[in-house]
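The values are calculated or read from the model by the stated rules, or taken from the named source; none is laboratory data. This one's a predicted model, so the numbers in the text were calculated from it and none came from an experiment. Here the Cβ is made from the backbone with ideal geometry for all residues, glycine too, and neighbour counts use every protein chain on show.
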């Protein structure tokens with residue numbers, strides 16, 4: 001039995017992007033072929049698939065535009081990456097990843113992004129994309145609910161210990177749906193106080209100060 005650490009990307013591995021709302025909106029406008037007033041729903045903790053599904057409904061657009069909008073979202077992310085737009089790594093992340101790997105644990109992803117968007121973000125920020133197990137990572141570009149990802153992860157990694165690290169109550173809800181322990185980091189838009197109201201096994205300000213407690217907790221799960 002091994003141990004898999006399933007990382008969220010936005011707000012957990014990397015600081016949230018400052019222009020994410022406009023990126024989703026632009027992808028939908030390209031799919032629709034016309035300008036649309038920006039009325040995107042609240043996005044934090046949701047998958048790309050859920051955001052696009054909700055936005056298409058709000059805008060009165062056909063659900064069949066979802067794969068077209070998703071493809072544009074990937075392409076816009078590529079263009080931003082090629083233009084040199086870079087995200088900031090959250091505090092303590094490189095040391096945490098190294099400490100996990102040193103213990104024989106596997107770093108992988110459970111993110112609302114597509115695999116392509118995750119790669120662009122991580123590589124652009126300077127994280128080694130090869131440090132993650134992409135075969136056993138889970139992506140939300142199609143899934144409308146994050147819980148679909150956690151349930152699939154639990155089914156596929158049934159013989160292994162699994163821990164999810166994320167920054168939103170949505171991560172906690174999805175983790176609980178699959179019975180996976182959740183560790184919350186307050187490096188996104190939610191505070192320690194907000195995250196303390198979830199069922200998280202542990203809440204830390206960040207992985208710089210909080211790494212010893214995180215390692216101790218996962219050690220217990222991994223035995």
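Looking only at residues in segment 210-223 that are surrounded by fewer than 12 Cβ atoms within 10 Å (Cβ to Cβ) and modelled with pLDDT under 95, the one that is farthest from residue 95 (Cα to Cα) is 223.
Report yes if some residue within segment 198-209 is under 21 Å from residue 87 (Cβ atoms) and crowded, with 22+ Cβ neighbours inside 10 Å; otherwise report no. Even if it seems obvious, please write down each step before you answer.
Going through segment 198-209, the residues under 21 Å from residue 87 (Cβ atoms) turn out to be 204-208.
Now narrow it down to the ones that are crowded, with 22+ Cβ neighbours inside 10 Å: 204, 207.
Among the residues of segment 198-209, at least one is under 21 Å from residue 87 (Cβ atoms) and crowded, with 22+ Cβ neighbours inside 10 Å, which makes the answer yes.
Could we say that residue 122 is touching a helix residue (DSSP H, G or I) at 6+ places or on another chain (Cβ under 7 Å), crowded, with 19+ Cβ neighbours inside 10 Å, at pLDDT 95 or above and closer than 30 Å to residue 25 by Cβ here?
On the way: touching a helix residue (DSSP H, G or I) at 6+ places or on another chain (Cβ under 7 Å): yes; crowded, with 19+ Cβ neighbours inside 10 Å: yes; at pLDDT 95 or above: yes; closer than 30 Å to residue 25 by Cβ: yes.
Yes; evaluated as a whole, the condition is true for this residue.
Within segment 87-101, the residues that satisfy the criterion of being in contact (Cβ under 8 Å) with a residue 40 or more places away in the chain and out of contact with any strand residue (DSSP E or B) (no Cβ under 7 Å at 6 or more places or on another chain) are 91, 92, 93, 95, 96, 99.
Do we find that residue 185 is surrounded by fewer than 19 Cβ atoms within 10 Å (Cβ to Cβ) and within 16 Å of the chain's Cα centre (by Cα) in this structure?
Answer is no for this residue.
When residue 104 is tested against the conditions (1) in contact with a strand residue (DSSP E or B) (Cβ under 8 Å, 6 or more places away or on another chain); (2) surrounded by 13 or more Cβ atoms within 10 Å (Cβ to Cβ), the lone failure is (2). Annotation: of all residues in segment 86-101 being in contact with a helix residue (DSSP H, G or I) (Cβ under 7 Å, 6 or more places away or on another chain) and farther than 20 Å from residue 220 by Cα, the one that is surrounded by the fewest Cβ atoms within 10 Å (Cβ to Cβ) is 88.
Taken together, the residues in segment 136-184 that are free of Cβ contacts under 8 Å to residues at least 24 places away in the same chain and more than 21 Å from residue 114 (Cα to Cα) amount to 4. Checking each residue in segment 65-117 for being assigned by TED's automatic domain parsing to the domain that holds residue 211, assigned to a helix (DSSP H, G or I) and closer than 18 Å to residue 140 by Cβ picks out 115, 116, 117.
Scanning segment 45-64 for residues that are in contact (Cβ under 8 Å) with a residue 24 or more places away in the chain and more than 26 Å from residue 174 (Cα to Cα) returns 59, 61.
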